[in-house]
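Asker: Below you'll find the structure I mean.
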Amino acid sequence: MWIFLLIPVISSAFSFILADELVPKLREEGINGEDKHKASGPKVPEMGGLVLVGGFVFGLLAVVGFNQFADRLNVVDLNSLFAVGFTVLIVAIIGMVDDLLRIRQLTKAVLPFLASLPLMAIKAGKHSMSFPFLGQVKLGVFYPLLAVPFGITGASNAMNMLAGFNGLEVGLGVIIVSALALISWLIESWTAFFVLISLLGPLLVVLFYNWYPAELLIGDVGTLTIGAVVASAVIVGDFEYAGVIIIIPFVADLVLKAMNGFPKSFAVHEDGKLYCPEDGPVGLAHLVLKLAGGLTEQSLVLVLLGIESVFAVLAVIYYL
C-alpha cells in the first residue's frame, strides 16, 4: 500500500519543483498566453503542461524502479509501461510544437496517429469488444491498427477542445484520472493503475497554479498529454467502456462545435460574468452559459466539472 501512495507523492514533488522553476522562466522568456475570458485579457505564462509531462515521466521512472527492486510490485507490464511513456512523450512534443509555432488544426488533429505507434507495436489491448446486439466481436489486427490510433487521437483532441477556462482542463483531468484509477484498482489492472496515479500527482500540483485566477496555463502540451494518458491507460487496462462513458461530455461539445463549423467563438464578458455569444451556443460551455443566463468563470468551471463527475461516477458504478 505504501508504494501505491508513494508514486503520486514522488511525481507531485518533482512537478512542484519543476513548476517553481518553470513559471518565472516562461514569464521571463515571454512565453505567455492571453487569458481570453477575462475583461482585461491578461498575459499568463503558458506551456505549463510541461510540468505535467515532467512529473508523469518521473512517476513512471519511479514505478520502473520499484518494479525492479520491490518484489511485491512485479505486477506491472514494463513493455506496456514504456509504450505508454513513448506515446505520451510524442503527443507532448506535438503539443509543445503547436504552442510555439501554432501548427494547423487539421495537422494537429492527425499527428497523434503517429504517437500511437508504440502501443500498436506491442499490440496493446485484448483485441475484442462487446457491441449491442452483436455481443463479443474479435477485432483481431484491426484493434491495434484502427482502434488504438483512433482512441489516442480522439481523446487527445477531445481534451484539447473542451478547454479555455481557468482550472477546467486540469480539473477535468483530475476527475477522469481519479475515476479510471479507481476502476483499474477494482479490476486489478495494475499497469494502467500506475500509469494513472503517475499523472494524478502532477495534475493536483498544476491545478494549484491553474485554478482561478490562473498563474499558469497548460497549453496544448498539457491538454494533449492528459488525453493521451487517459486513452493509453484505457487501452492497456482493457476497460474501454469506462473511456466511452467518461468521454460523453466531450462528444457533446464536439457535436455542438461541428454543427457550427468549429468557429473560434469566445464567451462574452460583462459585469464580471460570462455570457453565451450572440451567434448561439457553439460548445458545451456556451450551452451551459445560455441555460444559466450567464455565470462567473469559476461557477461555469464548477458546473462543467460537476457534469463530468456524474459520468465518472457512472463509469465506476458500471465496473462495480
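Asker: Calculate the translational D of the range 1-119 in whole µm² s⁻¹ from Stokes-Einstein, where the hydrodynamic radius comes from the Kirkwood formula applied to all Cα pairs, the temperature is 4 °C and the viscosity 1.567 mPa s.
Answerer: Numbers: Rh = 16.4 Å.
After rounding, the answer is 79 µm²/s.
Asker: Using only protein heavy atoms and a 1.4 Å probe, report how much of residue 241 is accessible, in Å² to the nearest 10.
Answerer: Taking all protein chains as shown, residue 241 has close to 80 Å².
Asker: With only alpha-carbon atoms in the gyration tensor, what are the semi-axes of the equivalent ellipsoid for the range 153-277, in Å, largest first? Present the calculation step by step, with values, prior to reporting the outcome.
Answerer: Values: eigenvalues 150, 64, 24 Å².
Output for the range 153-277: semi-axes of 27, 18, 11 Å.
Asker: Take the alpha carbon atoms of the chain, find their radius of gyration, then divide it by 2.2 N^0.38 Å using N residues; give the quotient. It would help to have the intermediate numbers written out before the result.
Answerer: Details: Rg = 19.1 Å, N = 320, 2.2 N^0.38 = 19.7 Å.
Taking N as the residue count of the chain, the ratio is 0.97.
Asker: Name the lysines eligible as straight-distance cross-link partners of residue 25: C-alpha to C-alpha under 16 Å, and not fewer than 8 places from it in the same chain.
Answerer: 43
Asker: Considering only DSSP states other than H, G, I, E and B, which GluC sites (Glu not before Pro) in the range 154-234 qualify as loop sites with at most 11 other Cβ atoms within 10 Å? Before the final figure, lay out each step's value.
Answerer: Working: sites: 169, 188, 215; in loops: 188, 215.
Answer by residue number: 188.
Asker: Okay, next question. Leaving ligands, DNA and RNA out of it, rank 108, 36, 123 by accessible area with a 1.4 Å probe, largest first.
Answerer: Numbers: 108 15, 36 105, 123 130 Å².
The ranking, largest first, comes out as 123, 36, 108.
Asker: Which FRET efficiency value, to the nearest 0.05, is calculated for residue 3 and residue 79 with the Förster distance at 25 angstrom and r the Cβ-Cβ distance?
Answerer: FRET efficiency, residue 3 to residue 79: 0.75.
Asker: With n ≥ 4 as the cut-off for DSSP H runs, can you work out [θ] at 222 nm for the chain, using -39500 (n - 2.57) per run divided by the number of residues, rounded to the nearest 500?
Answerer: Details: 14 runs with 211 residues, N = 320.
The helix contribution divided over the chain gives -21500 deg cm²/dmol.
Asker: Please give the FRET efficiency for residue 188 paired with residue 264, using the beta carbon to beta carbon distance and R0 = 45 Å, rounded to the nearest 0.05.
Answerer: 0.50
Asker: Using only C-alpha atoms and all pairs of different ones, pull out the Kirkwood radius for the range 1-64 in Å with one decimal. Mind dumping the intermediate values first?
Answerer: On the way: mean 1/r = 0.0762 Å⁻¹.
For the range 1-64, inverting the mean 1/r across all distinct Cα pairs yields 13.1 Å.
Asker: So, one more: Using 0.36 nm per residue, how much length does the chain from residue 252 to residue 29 gain when fully extended, once their Cα-Cα distance is taken away?
Answerer: Numbers: separation 223, 0.36 × 223 = 80.28 nm, distance 3.75 nm.
Stretched fully, the residue 252-residue 29 segment lengthens by 76.5 nm.
Asker: Computed over the Cα atoms of the range 254-320, what is the convex hull's projected area averaged over all directions, in nm²? All intermediate terms of the calculation are to be shown ahead of the outcome.
Answerer: Details: hull surface 20.7 nm².
Approximately 5.2 nm², given one-decimal rounding.
Asker: May I ask for the Kirkwood hydrodynamic radius of the range 220-269, worked out over all distinct Cα pairs and given in angstroms to one decimal? List each step's numbers first, then the result.
Answerer: Working: mean 1/r = 0.0781 Å⁻¹.
Evaluated over the range 220-269, this radius sits at 12.8 Å.
Asker: Under a cut-off of 12 Å between alpha-carbon atoms, report the aspartates and glutamates in cross-link reach of residue 290, not counting same-chain residues fewer than 8 places apart.
Answerer: 278, 279
Asker: Considering only protein heavy atoms, what per residue accessible area in square angstrom results for the chain with a 1.4 angstrom probe? Walk me through the numbers on the way to the answer.
Answerer: Values: 14760 Å² over 320 residues.
With the other protein chains kept in place, the chain gives 46 Å² per residue.
Asker: Just want the answer: with Cβ charges of +1 for Lys and Arg and -1 for Asp and Glu, which residue in 106, 54, 177 is farthest toward the dipole's positive end in the chain?
Answerer: 106
Asker: Follow-up question, since we're still on this one. Setting aside same-chain residues fewer than 8 positions from residue 123, which lysines have a Cα under 26 Å from its Cα?
Answerer: 108, 138
Asker: A further question follows. Full extension from residue 123 to residue 69: what is 0.36 nm times the residue separation minus their Cα-Cα distance, to one decimal in nm?
Answerer: Values: separation 54, 0.36 × 54 = 19.44 nm, distance 2.73 nm.
Gain on stretching residue 123 to residue 69: 16.7 nm.
Asker: Measure off 7 Å from each Cα along the Cα-to-Cβ vector at residue 13 and residue 146, then give the distance between these two points in nanometres to one decimal.
Answerer: Roughly 4.7 nm, to one decimal.
Asker: A further question on this structure: Mind giving me the nanometre distance, one decimal, between the label points for residue 279 and residue 110, set 7 Å out from Cα along Cα→Cβ?
Answerer: Placing both labels 7 Å beyond Cα along the Cβ direction yields 2.5 nm.
Asker: Students often check this: by mean Cβ neighbours within 10 Å, which of 158-168, 296-306 ranks highest, and how do the rest follow? Write down the numbers at each step before the final one.
Answerer: Values: 158-168: 21.9, 296-306: 17.1.
Ranking the peptides 158-168, 296-306 by packing returns 158-168, 296-306.
Asker: Counting alpha carbon pairs within less than 8 Å and at least 6 residues apart, what relative contact order, in whole percent, applies to the chain? Provide the component values of the computation, followed by the final result.
Answerer: On the way: 532 pairs, mean separation 75.9, N = 320.
That works out to 24 percent.
Asker: Rounded to two decimal places and with Rh computed the Kirkwood way over Cα pairs, what is Rg over Rh for the range 49-106? Don't skip to the end; give the middle numbers.
Answerer: Working: Rg = 14.7 Å, Rh = 12.9 Å.
Ratio of gyration radius to Kirkwood radius: 1.14.
Asker: Step by step: find N for the range 203-320, compute 2.2 N^0.38 Å, then divide the Cα radius of gyration by it. What's the final number?
Answerer: On the way: Rg = 15.8 Å, N = 118, 2.2 N^0.38 = 13.5 Å.
Rg over 2.2 N^0.38 Å, computed on Cα atoms: 1.17.
The values are calculated or read from the model by the stated rules, or taken from the named source; none is laboratory data. If you're wondering where the values come from, they're calculated on a predicted model, not measured in any experiment. Cβ coordinates were reconstructed from backbone atoms using ideal geometry, including for glycine residues, and neighbour counts include every protein chain displayed. Surface areas here come from the heavy atoms of the whole protein model, side chains and all, with no ligands, DNA or RNA. Shrake-Rupley method; radii C 1.70, N 1.55, O 1.52, S 1.80 Å.
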